[in-house]
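Quick notes on the structure that follows.
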Amino acid sequence: MMKNKINLASLFIFALVIITGCERNNGVEIKGKIEGAEGKVVVLESNDKRIKTDTITINKNGEFKTNIIPLQYPEFITLNIDNNIINLAVDSAERISIKGDINNLASNYIIEGSHESQKIKEVSLEGQKLKQAYNTYDAMYLTHKINADQFADSVRLALLSYKNVVSPYIFENPASAAAYFTVLQKVNGLLVFDPNDKNDYVAYAAVATSWDTYNKTHTSTKPIRDIVYLALQRRRNEKIASKQLENIQEQNMIEIVLPNINGKQIKLSDMNGKVVLLDFTMYGAEYSPAYNMQLASIYNKFKNKNFEIYQVSLDTDENLWKNAASNLPWITVNDKESVYSKAAKNYNVTSLPTAYLLDKDGSVIIRISDLNEAENQIGKLL
């Protein structure tokens, strides 16, 4: 009799395991209750090809629910509800619940059932703060309430503050979805952590190494591994270029290709055969009018002697640049990346204005520290 009881108990436990297993095989469940969103559509997207784009209509109670196939690794999911973006990292058979109000959903939603998604929410909120700070400083610069140097300093401090807050999400567990999400965050379309910056590179390397170790076959592993590899190659090249520039040694020109006021892409290498004054500046800066008058004096003296000025504007206000550049006789181009300019970084520009002289073969000869001394140097190269 006891034997039969044991067998029945075993069968019960076995059946419970089977039932539980079948339930878990339903994969990830995502549900939500959004106040004021009745009848609106939830758009679910992912870079994982196994997870198809889905649309779910929120019912009259403000609720929605969907299931995703079982996943081997964490996957990134984006929910878009009336242009409110919620980023999630889903894993295994999680049951994720989202609550909030449609009027402030992106900044004030509550998430339960996913530790990684909670971290991603916190990082996203910090990113929103950084974007607001950047846009505020940009508006102040465009209305001349702060100058170019003050703008650059303000952005730098805002970036530093942001990185101090979110860096723990990277280094506490570089193999996590939150670490991956954090290191690749963008503000206004630009990466906050720059893989080409030697300090930020450490964060990329930590995440790439960890994902290559623990999530080697994940579709997201190769992209970040490639970023790190390309950044490492570029850092090596920049180190060589920077050392040569600092020692004022001849080197081959580092190419720049940027648009002029008519949108035509102008190559710095197109100037080969001429002595070129390569100038990095901001037309919205207080120094700009007087500085350009000095350049005009130099240009007028040498313009008929195989001499050209290639001026790179780092202004964020494209109209301001175009209006100012339309009155200048030399070549002017604009780098919309502004303080994040790769061209400026390639030429080791740490302050504005900064200028170099290139000889007729396109080799960088000298960094110009004083325009008053530039004429003698140009005369020697001609």
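Per-structure values
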read-out	value
Subset of the range 158-213 (residues that are basic (Lys, Arg) and surrounded by fewer than 16 Cβ atoms within 10 Å (Cβ to Cβ))	LYS186, LYS198
Those residues of the range 108-152 which are touching a Gly at 6+ places or on another chain (Cβ under 9 Å), among the hydroxyl-bearing types (Ser, Thr, Tyr) and closer than 24 Å to LEU44 by Cβ, in sequence order	TYR109
Of residues in the range 136-150 being touching a residue at least 40 places away in the same chain (Cβ under 8 Å) and not hydrophobic (A, V, I, L, M, F, W, C), the one surrounded by the fewest Cβ atoms within 10 Å (Cβ to Cβ)	HIS144
Among residues of the range 188-199, those that are at pLDDT 85 or above and out of contact with any Lys or Arg (no Cβ under 8 Å at 6 or more places or on another chain), counted	4
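Results for (1) more than 18 Å from TYR180 (Cβ to Cβ); (2) in contact (Cβ under 8 Å) with a residue 40 or more places away in the chain, shown as yes or no for each residue.
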position: LEU71; (1), (2): no, yes
position: PRO74; (1), (2): no, yes
position: ILE77; (1), (2): no, yes
position: ASP91; (1), (2): no, yes
position: ILE102; (1), (2): yes, yes
position: LYS121; (1), (2): no, no
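This table checks each residue for (1) modelled with pLDDT of 85 or more; (2) in a strand (DSSP E or B); (3) at positive phi; (4) within 28 Å of the chain's Cα centre (by Cα).
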residue	(1), (2), (3), (4)
ALA15	no, no, no, no
LYS60	yes, no, no, no
PHE76	yes, yes, no, yes
ILE85	yes, yes, no, yes
LEU88	yes, yes, no, yes
ASN103	yes, no, no, yes
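The values are calculated or read from the model by the stated rules, or taken from the named source; none is laboratory data. Just so you know, these numbers come straight off a predicted model, no measurement behind them. Neighbour counts are summed over all protein chains in view; Cβ atoms, including those assigned to glycine, are modelled from backbone coordinates with ideal geometry.
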